[in-house]
Amino acid sequence: MKVIIQTNKIRCDVGNCRNLAGFSVAPDGVGAGQYINLCEKCMRQLYGEIALALTPKRKKAKKTTMGENAENDKV
(Lines give C-alpha, C1' and ligand atoms only; values in the text may rest on other atoms or scores of the structure.)
Protein backbone atom coordinates (compact mmCIF):
# COMPACT_ATOMS: atom_id res chain seq x y z
CA MET A 1 0.00 0.00 0.00
CA LYS A 2 1.28 3.48 -0.76
CA VAL A 3 0.24 7.11 -0.38
CA ILE A 4 0.30 9.25 -3.52
CA ILE A 5 0.20 13.05 -3.63
CA GLN A 6 -2.80 13.82 -5.83
CA THR A 7 -2.25 16.34 -8.64
CA ASN A 8 -5.66 15.97 -10.32
CA LYS A 9 -8.79 17.78 -9.16
CA ILE A 10 -10.70 15.02 -7.37
CA ARG A 11 -13.12 15.33 -4.46
CA CYS A 12 -12.33 13.80 -1.08
CA ASP A 13 -14.05 10.41 -0.66
CA VAL A 14 -14.94 10.89 3.03
CA GLY A 15 -18.66 11.23 3.81
CA ASN A 16 -19.87 14.82 3.52
CA CYS A 17 -16.42 16.35 2.95
CA ARG A 18 -16.50 18.71 -0.02
CA ASN A 19 -12.77 19.49 -0.21
CA LEU A 20 -10.45 18.56 -3.05
CA ALA A 21 -8.28 15.51 -2.41
CA GLY A 22 -4.59 16.13 -1.88
CA PHE A 23 -3.69 12.48 -1.33
CA SER A 24 -4.66 9.05 -2.60
CA VAL A 25 -4.18 5.80 -0.70
CA ALA A 26 -3.39 3.11 -3.23
CA PRO A 27 -3.52 -0.56 -2.24
CA ASP A 28 -1.19 -2.83 -4.21
CA GLY A 29 -2.58 -4.22 -7.45
CA VAL A 30 -5.57 -1.90 -7.96
CA GLY A 31 -6.31 0.66 -10.64
CA ALA A 32 -6.62 4.41 -10.16
CA GLY A 33 -10.42 4.11 -9.99
CA GLN A 34 -10.12 2.19 -6.72
CA TYR A 35 -7.82 4.63 -4.87
CA ILE A 36 -9.10 6.22 -1.66
CA ASN A 37 -8.87 9.98 -2.18
CA LEU A 38 -8.47 12.19 0.90
CA CYS A 39 -8.09 15.91 1.55
CA GLU A 40 -5.41 17.04 4.01
CA LYS A 41 -7.89 17.56 6.86
CA CYS A 42 -9.39 14.07 6.51
CA MET A 43 -5.92 12.52 6.08
CA ARG A 44 -4.77 14.08 9.38
CA GLN A 45 -7.91 12.91 11.20
CA LEU A 46 -7.49 9.40 9.81
CA TYR A 47 -3.83 9.37 10.83
CA GLY A 48 -4.78 10.31 14.40
CA GLU A 49 -7.45 7.63 14.62
CA ILE A 50 -5.14 4.94 13.21
CA ALA A 51 -2.42 5.91 15.70
CA LEU A 52 -4.87 5.60 18.62
CA ALA A 53 -6.14 2.24 17.40
CA LEU A 54 -2.70 0.69 16.83
CA THR A 55 -0.74 2.09 19.77
CA PRO A 56 -0.61 -0.43 22.62
CA LYS A 57 -2.12 0.85 25.83
CA ARG A 58 0.27 1.20 28.74
CA LYS A 59 -0.31 -1.00 31.75
CA LYS A 60 -0.66 0.81 35.04
CA ALA A 61 2.18 0.17 37.47
CA LYS A 62 1.31 -1.45 40.76
CA LYS A 63 1.36 1.12 43.54
CA THR A 64 3.57 0.32 46.51
CA THR A 65 3.86 1.96 49.90
CA MET A 66 7.05 3.41 51.29
CA GLY A 67 7.33 0.57 53.84
CA GLU A 68 7.39 -2.11 51.16
CA ASN A 69 10.11 -0.34 49.16
CA ALA A 70 12.29 0.26 52.21
CA GLU A 71 12.22 -3.42 53.17
CA ASN A 72 13.14 -4.59 49.64
CA ASP A 73 16.07 -2.13 49.38
CA LYS A 74 17.87 -3.49 52.53
CA VAL A 75 19.17 -6.64 50.82
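The values are calculated or read from the model by the stated rules, or taken from the named source; none is laboratory data. Just so it is clear, the model here is predicted, and its values are computed rather than measured. The accessibility values were calculated without ligands, DNA or RNA, using every heavy atom of the protein model including side chains. Shrake-Rupley method; radii C 1.70, N 1.55, O 1.52, S 1.80 Å.
Values as computed for the structure displayed
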{"quantity": "The chain: angle of helix 40-54 to the longest principal axis, Cα-based, in degrees nearest 10", "calculated": "40 degrees"}
{"quantity": "Max mean-square fluctuation residue, GNM over the chain, Cα-Cα springs under 10 Å, options 33, 22, 48", "calculated": "33"}
{"quantity": "Within a Gaussian network of the chain (alpha carbon springs, distance under 10 Å), most fluctuating of 53, 26, 61", "calculated": "61"}
{"quantity": "Accessible surface of the chain, 1.4 Å probe, proportion on carbon and sulfur as whole %", "calculated": "55 percent"}
{"quantity": "Cα-Cα pairs of the range 1-59 separated by more than 16 Å (percent)", "calculated": "48 percent"}
{"quantity": "Set of lysines near residue 9 by C-alpha distance (under 29 Å), chain-local residues within fewer than 8 positions excluded", "calculated": "41"}
{"quantity": "Gain upon complete extension [residue 41, residue 9; 0.36 nm per residue less C-alpha separation]", "calculated": "9.9 nm"}
